[in-house]
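J.: The structure under discussion is supplied below as structure tokens; questions concerning it will follow.
The values are calculated or read from the model by the stated rules, or taken from the named source; none is laboratory data. Here the structure is a predicted model, which is why all the values come from computation and not from measurement. So basically every Cβ, Gly included, is an ideal-geometry build from the backbone, and we count neighbours across all protein chains shown.
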Amino acid sequence: MTLDELVEQLRADFPKLTLEKSEHNFYSPTKKTVFYTGDIARLLHEIGHGILDHTDFTQDIELIHIERDAWEKARELAPNYGFKISDTTIETALDDYRDWLHARSTCPKCGQTGIQSIEQLNYHCLNCDAKWTNNDARSCGLKRRVIKKSPHRI
Ligand SMILES: [Zn+2]
Ligand SMILES: [Zn+2]
């Protein structure tokens, strides 16, 4: 199955989701739109977010949970379209999210791991009392980019 055929089939199978070609792989919960680049594993992963009806998360730590769930859904879907998603693909993607999380939660002053406030979403270091914020949003792909305002991209 080619990418175009896969996209057509996914549109038929998931009529509530919109699929749109883009430079980045991500799912927009507000538009119920999957943006895809052509990477089939990631396309199915974004479809996974859509099927599971993931919305914007607030705390960084939630990212790992919803990413894992979307990957599991992608792995479940893949054989229906003649594809297979390997453990390595999933673990590599999740490692990347973990690295991102680690970078955001590391105290810029002393290097200890801080905790994120549920309300303000800033980080606080219990070791040296520093507080910091992260403005960069995360897209599903390997690309990391800074946008002015959240939401996070899943
Ligand atoms: Zn600190
Ligand atoms: Zn994702």
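J.: Of the residues in the stretch 40-79, how many are surrounded by fewer than 18 Cβ atoms within 10 Å (Cβ to Cβ), within 16 Å of Tyr97 (Cβ to Cβ) and of a type in the set (Asp, Glu)?
T.: Number of matching residues: 4.
J.: Taking the condition among the small types (Gly, Ala, Ser) and over 16 Å from the mean Cα position of the chain (by Cα), does Gly50 pass?
T.: The answer is no for Gly50.
J.: Looking at Ile85, Ile51, Ile40, Ile64, which is the one that is of a type in the set (A, V, I, L, M, F, W, C) and at pLDDT below 95?
T.: Ile64
J.: Another question, then. May I ask you to list the residues in the stretch 90-122 that are within 16 Å of ligand 2 (Cβ to nearest atom) and either part of a strand (DSSP E or B) or surrounded by fewer than 17 Cβ atoms within 10 Å (Cβ to Cβ) (or both)?
T.: Across the stretch 90-122, the qualifying residues are Glu91, Thr92, Leu94, Asp95, Asp96, Arg98, Asp99.
J.: A further question on this structure: Go through the stretch 59-117 and give me each residue that's under 21 Å from Leu6 (Cβ atoms) and hydrophobic (A, V, I, L, M, F, W, C).
T.: The answer is Ala70, Trp71, Ala74, Leu77, Ala78, Phe83, Ile85, Ile90, Ala93.
J.: Does the stretch 16-29 contain at least one residue that is in a helix (DSSP H, G or I) and under 29 Å from Asn134 (Cβ atoms)?
T.: So far as the stretch 16-29 goes, no, none of its residues is in a helix (DSSP H, G or I) and under 29 Å from Asn134 (Cβ atoms).
J.: Checking the structure you have, find out if any residue of the stretch 123-136 is assigned to a helix (DSSP H, G or I) and either modelled with pLDDT under 85 or away from ligand 2 (no atom under 14 Å from the Cβ) (or both).
T.: Within the stretch 123-136, not a single residue is assigned to a helix (DSSP H, G or I) and either modelled with pLDDT under 85 or away from ligand 2 (no atom under 14 Å from the Cβ) (or both).
J.: As an exercise: evaluate Val34 against (1) touching a Gly at 6+ places or on another chain (Cβ under 7 Å); (2) surrounded by fewer than 14 Cβ atoms within 10 Å (Cβ to Cβ) and give the number of the one condition it does not meet.
T.: (2)
J.: Mind listing whichever residues of the stretch 1-24 are among the aliphatic types (A, V, I, L, M) and either touching a strand residue (DSSP E or B) at 6+ places or on another chain (Cβ under 6 Å) or closer than 14 Å to His45 by Cα (or both)?
T.: If the condition is that a residue be among the aliphatic types (A, V, I, L, M) and either touching a strand residue (DSSP E or B) at 6+ places or on another chain (Cβ under 6 Å) or closer than 14 Å to His45 by Cα (or both), then Leu6, Val7, Leu10, Leu17, Leu19 are the ones that fit.
J.: Considering (1) in contact with a strand residue (DSSP E or B) (Cβ under 9 Å, 6 or more places away or on another chain); (2) more than 10 Å from ligand 2 (Cβ to nearest atom); (3) among the hydroxyl-bearing types (Ser, Thr, Tyr), say which one Tyr27 fails and leave the rest.
T.: It is condition (2) that Tyr27 fails.
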